1. Just checking, does the stretch A:46-63 include any residue being crowded, with 21+ Cβ neighbours inside 10 Å, of a type in the set (Phe, Trp, Tyr), within 15 Å of the chain's Cα centre (by Cα) and within 12 Å of another protein chain (Cβ to nearest Cβ)?
2. Quick check, is B:THR108 modelled with pLDDT under 95, surrounded by fewer than 16 Cβ atoms within 10 Å (Cβ to Cβ) and either within 14 Å of chain A (Cβ to nearest Cβ) or over 14 Å from B:TYR33 (Cα atoms) (or both)?
3. Residues that are in contact with an Asp or Glu (Cβ under 9 Å, 6 or more places away or on another chain), at least 3 per element: which strands (runs of 3 or more DSSP E) completely within the stretch B:53-110 meet that?
4. Counting only residues that are facing chain A (nearest Cβ under 9 Å) and crowded, with 19+ Cβ neighbours inside 10 Å, which one in the stretch B:6-36 is nearest to B:PRO103 (Cα to Cα)?
5. Just one of the numbered conditions (1) at pLDDT below 95; (2) open to solvent by less than 50 Å² (accessible area, probe 1.4 Å); (3) farther than 26 Å from B:MET32 by Cβ is not true of A:SER28; which one?
6. Got a number for residues in the stretch A:31-88 being among the charged types (D, E, K, R) and in contact (Cβ under 8 Å) with a residue 24 or more places away in the chain?
7. Considering only the stretch B:1-48, give the strands (runs of 3 or more DSSP E) lying wholly within it that have at least 2 residues that are touching a strand residue (DSSP E or B) at 6+ places or on another chain (Cβ under 7 Å) and under 13 Å from B:PHE64 (Cα atoms).
8. Looking only at the stretch A:1-25, count how many residues are without any contact (Cβ under 8 Å) to a residue 40 or more places away in the chain and either within 12 Å of A:GLY106 (Cα to Cα) or open to solvent by less than 80 Å² (accessible area, probe 1.4 Å) (or both).
Amino acid sequence: DQQVKQNSPSLSVQEGRISILNCDYTNSMFDYFLWYKKYPAEGPTFLISISSIKDKNEDGRFTVFLNKSAKHLSLHIVPSQPGDSAVYFCAASSGAGSYQLTFGKGTKLSVIP
Amino acid sequence: DTAVSQTPKYLVTQMGNDKSIKCEQNLGHDTMYWYKQDSKKFLKIMFSYNNKELIINETVPNRFSPKSPDKAHLNLHINSLELGDSAVYFCASSQAGAQYFGPGTRLTVL
């Protein structure tokens, strides 16, 4: 039973355009969400997070949007750069202080020069 | 400076052997974790220690035993390795909120 779903296994985007990665969750207790980026043969790197009291959080080129009623979040990368090519994981927990993260399966983003 | 480090990065061994993976973090975090990424690429938590005490122990065979000598270290010992143990194992640490991951250890059981 996947509580965090990333339904697109892969996404290709032209350099300079916007990348939109999507994530859906089913557990209503989740109220803290994170995005991680992973290069091959490396560990996941924390990118950005959002608490359920917000609907948007921005950090440079990265913005995360949260739609609680739809149980959906998305990561926007603008403008996309070739170095953004990686696997992006969505993760969720019940509270920022929770020790338990539930991960999605990941979306492989390819940014084409 | 590496924040979360793991050794070894690659581990190839025969079925039935016992092996250990070491993890160290220099972030001053109180909580450390072990995750397994299987062939389907899901990252699943196995264990979590907070200040050397076990706080999460998911459904993991008894052959897996974590050991935390101090809050900067969390080692994973695996007894009687099986083919299905082949995976990438990630260590992580956190203080509150985001978890920070090590580079992973790719374990291959032949």
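The values are calculated or read from the model by the stated rules, or taken from the named source; none is laboratory data. Here the structure is a predicted model, which is why all the values come from computation and not from measurement. Heads up, the Cβs are rebuilt from the backbone with ideal geometry, glycines too, and the neighbour counts pull from every protein chain shown. Ligands, DNA and RNA are excluded from the accessible area calculation, which covers all protein heavy atoms including side chains. Shrake-Rupley method; radii C 1.70, N 1.55, O 1.52, S 1.80 Å.
1. no
2. No: the conditions fail for B:THR108.
3. Hits in the stretch B:53-110: B:73-78, B:87-94.
4. So, considering only residues that are facing chain A (nearest Cβ under 9 Å) and crowded, with 19+ Cβ neighbours inside 10 Å, the one nearest to B:PRO103 (Cα to Cα) is B:GLN6.
5. Every listed condition holds for A:SER28 apart from (2).
6. Selection size over the stretch A:31-88: 5.
7. B:19-25, B:31-37
8. Residues meeting the conditions: 1.
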